[in-house]
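Single-structure report; data block below.
Any read-out appearing in this document is the output of simple, stated calculations on the displayed coordinates, not a laboratory observation. Worth saying up front: this structure is predicted, and the values here are computed from it rather than measured. Backbone-built Cβ (ideal geometry, glycine too); neighbour counts: all protein chains shown.
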Amino acid sequence: MKPTQATFHEILSWVMQWRSVLVVSHQRPDGDAIGSVLGVARYLSSRGIDVTAYVAKPVAGRYRPFCASLLTVGGTVDINRIDAVVCLDCATEDRLDLPESIDYSSMAVPICNIDHHVDNTRYGDVLHISAESAATAEIIACMLREASNTISDDCATALLLGIVTDTGGFRQSNTSAGTLATAAWLRECGADYDTVMKQIYYNESYAYLRLQARIVETMKFAGDRRIAYFCITRELLETYAVVSEETEDLIDCARMIRGVDIACRLQEVSDGVRFSFRSQNPDVAVNEIAHKLGGGGHRMAAGAYMRNIHLQDGEKLFLNYAEKALNEN
Ligand SMILES: [Mn+2]
């Protein structure tokens, strides 16, 4: 039986009962994943809990200034010395960014699942899923705010990083009054707003900007120009000397074009194609397109990963589903 929704108080007292906790998020962690992991890890450490904050691979350079020495990057974790695992911002158990030494299905350790993805599979033993929250970091900040008047400045900075990145710097429609109030509270707690904004929005390499220019120049359109998309080949990344971890936000080039309802980035990877989708029209749910391609996500932001498929075939599939999605509206 799937666990029912726990209150903030229940979640926090459940987590605080353990001596040693592993905190993880999803593979290819974004700002919310990293901010959530760091925020929880800092809070639990300050309460005397032995925390392992784990990511399997080095995080993108822009996030590194927030990590200090807190993150365990790669390697093995001895599950026998872990009392509980806290999973953050991860909708499905198979996307968890666990050490290779740990197999989810045979893991006998209790699990807490905190997330804001509408399609979360409700795995784990105790959970709090809030699809209304803009970021998992927002859920955590609300939880900590209920428990304490204040949190440390670096815990607040980590959570602010999560909220800023998952709202696109407070530009996206998921930014509610509650999101802004929570961000304001984090700033009162001493969150370093300036560093977060500079690291995320004023921190591109010239190589990246050149690639962006190329993508804008060669943007493809369909569906009466309501669909804008581009393909990133491995050759293109090599030519521009940009690593694939840095390509996440290029989709903004497509979505910011006036009249575009569906933006998509198709990226060629070693064994298939990775898709990111953004909707600019509340009536067009891009997670429905993502589901058809074996992925998932939110109505306005989603993704998919198809193995054993060529870029051209991925493009055809995407166009077919995207045009259908538009015709239904
Ligand atoms: Mn998130």
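Value of Rg to Rh for the stretch 61-170, rounded to two decimals, is 0.96; Kirkwood radius and Rg both from alpha-carbon coordinates. Tell me the net charge near Val37. Cut-off is 10 Å between Cβ atoms, Val37 excluded, with +1 for each Lys or Arg and -1 for each Asp or Glu. Neighbour charge sum, excluding Val37 itself: -2. Within the stretch 164-202, the chymotrypsin sites (Phe, Trp or Tyr not before Pro) that combine a DSSP coil assignment with at most 15 other C-beta atoms in a 10 angstrom radius are Phe170, Tyr202. Protection proxy ranking of 26-35, 205-214, 288-297, by the mean of other Cβ atoms within 10 Å over each peptide's residues and highest first, is 26-35, 288-297, 205-214. Global dimensions of the chain from alpha-carbon coordinates: Rg and Dmax equal 19.6, 58 Å.
Of the GluC sites (Glu not before Pro) in the stretch 1-107, the ones in a loop by DSSP (not H, G, I, E or B) with at most 13 other beta carbons within 10 Å are Glu100. Which net charge results when you count Lys and Arg as +1 and Asp and Glu as -1 among the other residues whose beta-carbon is under 14 Å from that of Ser148? Neighbour charge sum, excluding Ser148 itself: 0. Rounded to the nearest 5, the antiparallel percentage of DSSP beta bridges internal to the stretch 8-200 is 5%. On the basis of the beta-carbon distance and an R0 of 45 Å, Asp313 and Asn149 show a calculated FRET efficiency of 0.20. For the stretch 80-152, the list of trypsin sites (Lys or Arg not before Pro) that fall in a loop by DSSP and count at most 15 other C-beta atoms within 10 angstrom reads Arg122. Around the amide H of Asn174, modelled in the peptide plane, lies no amide H under 5 Å away from a residue 5 or more places distant or on another chain.
Over the chain, Cα pairs under 8 Å with separation of 6+ residues give a relative contact order of 13 percent. Model label points for Val216 and Lys292, set 7 angstrom from Cα along the Cα-to-Cβ axis, are 3.1 nm apart. Using a simple spin-label model with pseudo-atoms 7 Å out from Cα toward Cβ, Asn80 and Lys198 lie 4.7 nm apart.
Note on the stretch 206-327: with charges restricted to the Cβ of Lys and Arg (+1) and Asp and Glu (-1), its dipole about the Cα centre is near 280 debye. Extension gain for the segment Asp50 to Lys2, taken as residue separation times 0.36 nm less the Cα-Cα distance, is 14.5 nm to one decimal. Here the contact order of the stretch 32-98, divided by its residue count and restricted to Cα pairs under 8 Å and six or more residues apart, works out to 38 percent. Between Arg258 and Glu100, the contour length at 0.36 nm per residue exceeds the alpha carbon distance by 52.4 nm.
When you count the other C-beta atoms within 10 angstrom of each residue and take the mean per peptide, 221-227, 38-44 line up highest first as 38-44, 221-227.
As a calculated quantity, the FRET efficiency between Val109 and Ala241 at R0 = 51 Å, using C-beta atoms, amounts to about 0.75. Hydrodynamic estimate: the Kirkwood radius of the stretch 8-200 over Cα pairs, inserted into Stokes-Einstein at 20 °C and 1.002 mPa s, corresponds to D of 132 µm²/s. Restricting the calculation to Cα atoms, every distinct pair contributes to the Kirkwood radius of the stretch 1-90, found to be 13.7 Å.
Here the chain is assigned +1 on the Cβ of each Lys and Arg and -1 on the Cβ of each Asp and Glu. Its dipole about the Cα centre then comes out at about 440 debye.
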